[in-house]
Amino acid sequence: MLLITPGQLGKYAIYPVIDAALNGTSGVLLLIGRNFIVRGRMAAHRACMIAAVVTSSLFLTSYVYFHAHVGSVHFQGQGMVRPVYYTILISHVILAIVIVPMVIVTLSRALRERFDRHRDIARWTWPLWMYVSVTGVIVYFMLYHWFTA
């Protein structure tokens, strides 16, 4: 597996920025969407959550493209920050894999107006998806800004 440092990204350097922005945007849309449904604004909730799905799908496309061309980027932090980074990264990756089918099921139940079943899974999907969105941004800052050489 190819390991590079953040300074070696060349023409692909914009992709981590795009990915972090898309992850952050998904998180904001999730917060706003949840606020809408709590206030009974179903149409606004639906629009926000669909936008969050689109944003997350764009993120996944960009992420896969970037890593297909660049490989893995080496974390340069030293000392106690390494286990912190890898704990966040590993939990993020595992839950990112888990959340994809959960989002699909949650969305499909809502679109089919099976709101009772939608709520049953959404109560699990939302916090996991929010965690993945937030930790994605944290991983970005740890890898590309806070702990670079």
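The values are calculated or read from the model by the stated rules, or taken from the named source; none is laboratory data. Given the structure is predicted, the values throughout are model-derived calculations rather than measurements. Here Cβ is always computed from backbone atoms with ideal geometry, including for glycine, and neighbour counts include all displayed protein chains. The protein model used for the area step is the full one, side chains on, heavy atoms only, and it has no ligands, DNA or RNA in it. Shrake-Rupley method; radii C 1.70, N 1.55, O 1.52, S 1.80 Å.
Within region 60-77, being of a type outside the set (S, T, Y) and touching a residue at least 60 places away in the same chain (Cβ under 8 Å) holds for V70, G71, V73, H74, F75, Q76, G77.
Of the candidates I88, I121, I97, the single residue that is without any contact (Cβ under 8 Å) to a residue 12 or more places away in the chain, of a type in the set (V, I, T) and part of a helix (DSSP H, G or I) is I97. Please find, within region 121-135, the residue that is least open to solvent (accessible area, probe 1.4 Å) out of those that are of a type outside the set (S, T, Y) and in contact with a Gly (Cβ under 8 Å, 6 or more places away or on another chain). Looking at residues that are of a type outside the set (S, T, Y) and in contact with a Gly (Cβ under 8 Å, 6 or more places away or on another chain), I get M130. Inspect all residues belonging to region 4-20 and state whether any of them is out of contact with any Asp or Glu (no Cβ under 9 Å at 6 or more places or on another chain), polar (S, T, N, Q) and not in a helix (DSSP H, G or I). Yes, region 4-20 has at least one match. Here region 28-65 is the region considered, the condition is being under 23 Å from I97 (Cβ atoms) and of a type in the set (G, A, S), and the residue that is farthest from the chain's Cα centre (by Cα) is G33.
For region 67-87, filtered to residues that are among the hydrophobic types (A, V, I, L, M, F, W, C) and surrounded by fewer than 17 Cβ atoms within 10 Å (Cβ to Cβ), the residue that is farthest from I138 (Cα to Cα) is A68. Residue count for region 21-57, restricted to those that are under 17 Å from H118 (Cβ atoms) and either touching an Asp or Glu at 6+ places or on another chain (Cβ under 8 Å) or basic (K, R) (or both): 3. Can you confirm whether R109 is touching a residue at least 12 places away in the same chain (Cβ under 8 Å), of a type outside the set (S, T, N, Q) and open to solvent by 70 Å² or more (accessible area, probe 1.4 Å)? When the stated conditions are applied, R109 does not pass them.
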